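The values are calculated or read from the model by the stated rules, or taken from the named source; none is laboratory data. If you're wondering where the values come from, they're calculated on a predicted model, not measured in any experiment. Glycine also receives a Cβ, built like all others from the backbone with ideal geometry; neighbour counts cover every protein chain displayed. The protein model used for the area step is the full one, side chains on, heavy atoms only, and it has no ligands, DNA or RNA in it. Shrake-Rupley method; radii C 1.70, N 1.55, O 1.52, S 1.80 Å.
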Amino acid sequence: MAVSALDRRYMAAAIRLARWHEGRTGSNPSVATLIVREIDGKPVIVGRGVTAIGGRPHAEPQALAEAGDLARGATAYVTLEPCAHHGRTPPCAEALVASGVARVVAAATDPDERVSGRGYAVLRAAGIEVDEGVLASEAARDLAGYLTRRMKNRAHVTLKLAISNNGKIGRRDGSQVAITGEIARNQVHALRARSDVILIGAGTAINDDPELTCRLPGLEDRSPVRLVLDTYLRMPARSKLVATARDVPLWIATAAAPDDPRRAELAALGVELIACDAHDGRIALPELLEDIAARGLSTVFVEGGAEVAQAFLTEDLVDRIILLTGEADIDGEAVNAPVTRTTVPEAFRPVASMRYGADQMDEFERA
Ligand code: AOF
Ligand code: ZN
């Protein structure tokens, strides 16, 4: 059967359903399954599933359980190739075969070497018609964290910058200045909720004393791990980040000596210290991103400041850029944005552009 416009609409719906648990499925990607069959001559969704919080069960068995006998002869829409491995749950490809579905429409192929291509092979060997790659790039955008971790062995990096109308990101003396408004702030908190890690430099952590939590009503329990790059372990024990370390995880990446007494002091307050290499006084970022991936976390949201942003850009470790441009200028001695709407590196393509009230949001992805 050829892939139809209706197939693409169901896949788009499955991709939206998968977002429901984005950032909440641990090291597993959040994927979704829809089971669709004809009833009285019309297509009807008879089962839906999204990877459970924590990562298991997978999407497919949940959708099949809801469909029950109606799965026989139906079409399954899956945003990721169904797994073929005996992991902590039985293979989803086999569950689809056992359910009697006639056709599987899939978006992204799973790069997990236990699965890649094998999920489809199991289905085809059982006589199921398989259409791969439907809305593959749309699904891959939401799965970017998982795909980057699997394929590059490092975490996926989103760089966010709030930039004044005249291309500045703050005052040189570090005094606080509002650049964007309420809508942009809420959008940033929503982006935090979908990330595994928020990252800032020690300078920003010390100067701004931020909390870096998601404080949107109803999403307070969705704060990701907070990570501070702190080569010399300057982070004060008396800071909001450290004070809340027992409630929301706080990791500090440092090159401080193993016997540095501040390590024990911070650890006793609930901070997790990540031993890193440093070059020229800066934490080695590629190794840190590998370390984060090895810990099962896939997405890093870089929130400041200018030096950290520049370091990620210089090392070509940025996968997505989100620029929030305000309408006011920052006058006087101010810090230049390492990148603005007009100086985004050529390797990136624009993927979204919209207004957040008086502010402008531009999103770019590595092409
Ligand atoms: C699916 N459906 O909903 C998801 C899949 O540790 P395990 O056994 O849970 O396996 C993790 C792998 O399962 C993960 O690396 C990815 O390949 C796949 N994720 N597969 O069939 C799902 N979340
Ligand atoms: Zn599975």
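Can we say residue 175 is surrounded by fewer than 16 Cβ atoms within 10 Å (Cβ to Cβ), among the hydroxyl-bearing types (Ser, Thr, Tyr) and more than 18 Å from residue 287 (Cα to Cα)?
Values: surrounded by fewer than 16 Cβ atoms within 10 Å (Cβ to Cβ): yes; among the hydroxyl-bearing types (Ser, Thr, Tyr): yes; more than 18 Å from residue 287 (Cα to Cα): yes.
So residue 175 fits the description; yes.
Just need a number here: residues in segment 109-139 that are open to solvent by 30 Å² or more (accessible area, probe 1.4 Å) and either of a type in the set (A, V, I, L, M) or away from ligand 2 (no atom under 16 Å from the Cβ) (or both).
Total meeting the criteria: 13.
Between residues in segment 51-73 that are among the β-branched types (Val, Ile, Thr) and residues that are open to solvent by 20 Å² or more (accessible area, probe 1.4 Å) and not in a loop (DSSP other than H, G, I, E, B), which pairs lie under 8 Å by C-beta distance while being six or more apart or on different chains?
That search, which allows pairs on different chains as well, returns 51/21; 53/21.
Do you know which residues across segment 178-197 are surrounded by fewer than 17 Cβ atoms within 10 Å (Cβ to Cβ) and either assigned by TED's automatic domain parsing to the domain that holds residue 26 or farther than 29 Å from residue 274 by Cβ (or both)?
178, 181, 182, 183, 186
Please find, within segment 58-74, the residue that is surrounded by the most Cβ atoms within 10 Å (Cβ to Cβ) out of those that are touching a strand residue (DSSP E or B) at 6+ places or on another chain (Cβ under 6 Å) and over 16 Å from residue 105 (Cα atoms).
Here the answer is 67.
Confirm whether residue 147 is at pLDDT 95 or above, in a helix (DSSP H, G or I), within 16 Å of ligand 2 (Cβ to nearest atom) and open to solvent by less than 30 Å² (accessible area, probe 1.4 Å). Outline the logic, then answer.
Working: at pLDDT 95 or above: yes; in a helix (DSSP H, G or I): yes; within 16 Å of ligand 2 (Cβ to nearest atom): no; open to solvent by less than 30 Å² (accessible area, probe 1.4 Å): yes.
Against the criterion (at pLDDT 95 or above, in a helix (DSSP H, G or I), within 16 Å of ligand 2 (Cβ to nearest atom) and open to solvent by less than 30 Å² (accessible area, probe 1.4 Å)), residue 147 does not qualify.
Is it the case that residue 1 is surrounded by 22 or more Cβ atoms within 10 Å (Cβ to Cβ) and touching a residue at least 12 places away in the same chain (Cβ under 8 Å)?
Details: surrounded by 22 or more Cβ atoms within 10 Å (Cβ to Cβ): no; touching a residue at least 12 places away in the same chain (Cβ under 8 Å): yes.
So residue 1 fails the test.
Given the condition assigned to a helix (DSSP H, G or I), assigned by TED's automatic domain parsing to the domain that holds residue 134, modelled with pLDDT of 95 or more and open to solvent by less than 50 Å² (accessible area, probe 1.4 Å), answer yes or no: does some residue in segment 44-57 qualify? Before you say what the answer is, go through the steps one by one.
Just the residues of segment 44-57 that are assigned to a helix (DSSP H, G or I), to begin with: none.
Checked against the condition, which is being assigned to a helix (DSSP H, G or I), assigned by TED's automatic domain parsing to the domain that holds residue 134, modelled with pLDDT of 95 or more and open to solvent by less than 50 Å² (accessible area, probe 1.4 Å), segment 44-57 yields no hits at all.
Spot the failing condition for residue 310; the list is (1) part of a strand (DSSP E or B); (2) under 22 Å from the mean Cα position of the chain (by Cα); (3) more than 23 Å from residue 215 (Cβ to Cβ), and only one is missed.
(1)
Could you please find all residues in segment 1-43 being under 15 Å from residue 133 (Cα atoms), part of a loop (DSSP other than H, G, I, E, B) and more than 16 Å from ligand 2 (Cβ to nearest atom)?
Across segment 1-43, the qualifying residues are 1, 2, 3, 4.
Among the residues of segment 296-303, is there at least one that is open to solvent by 20 Å² or more (accessible area, probe 1.4 Å), modelled with pLDDT of 95 or more, closer than 18 Å to residue 200 by Cα and touching a Gly at 6+ places or on another chain (Cβ under 6 Å)?
Among the residues of segment 296-303, at least one is open to solvent by 20 Å² or more (accessible area, probe 1.4 Å), modelled with pLDDT of 95 or more, closer than 18 Å to residue 200 by Cα and touching a Gly at 6+ places or on another chain (Cβ under 6 Å), which makes the answer yes.
Kindly indicate whether any position in segment 61-73 is within 12 Å of ligand 2 (Cβ to nearest atom), touching a helix residue (DSSP H, G or I) at 6+ places or on another chain (Cβ under 7 Å) and either at pLDDT below 95 or part of a helix (DSSP H, G or I) (or both).
Checked against the condition, which is being within 12 Å of ligand 2 (Cβ to nearest atom), touching a helix residue (DSSP H, G or I) at 6+ places or on another chain (Cβ under 7 Å) and either at pLDDT below 95 or part of a helix (DSSP H, G or I) (or both), segment 61-73 yields at least one hit.
List every residue pair whose Cβ atoms sit under 9 Å apart, with the two residues 6 or more apart in sequence or on different chains, where the first one lies in segment 260-273 and is farther than 17 Å from residue 291 by Cβ and the second, anywhere, is assigned to a helix (DSSP H, G or I).
266/242; 269/242; 269/243; 270/242
Taking segment 85-102 as the search range and keeping residues that are open to solvent by 10 Å² or more (accessible area, probe 1.4 Å) and at pLDDT 95 or above, which one is farthest from ligand 2 (Cβ to nearest atom)? I'd like the intermediate steps shown before the answer.
To start, the set of residues in segment 85-102 that are open to solvent by 10 Å² or more (accessible area, probe 1.4 Å) comprises 85-90, 94-95, 97-100, 102.
Cutting the leftovers down to at pLDDT 95 or above gives us 94-95, 97-100, 102.
Numbers: 94: 9, 95: 8, 97: 13, 98: 13, 99: 13, 100: 18, 102: 20 Å.
Going through the qualifying residues, I end up with 102.
Looking at segment 345-362, which of its residues are within 22 Å of the chain's Cα centre (by Cα) and surrounded by fewer than 17 Cβ atoms within 10 Å (Cβ to Cβ)?
345, 347, 349, 350, 351, 352, 353, 354, listed by residue number.
What pairs come out if I take residues in segment 84-98 that are within 7 Å of ligand 1 (Cβ to nearest atom) and among the basic types (Lys, Arg) and pair them with residues that are assigned to a loop (DSSP other than H, G, I, E, B) and open to solvent by 40 Å² or more (accessible area, probe 1.4 Å) whose C-beta lies under 8 Å away, six or more apart or interchain?
From residues that are within 7 Å of ligand 1 (Cβ to nearest atom) and among the basic types (Lys, Arg), the pairs are 88/56.
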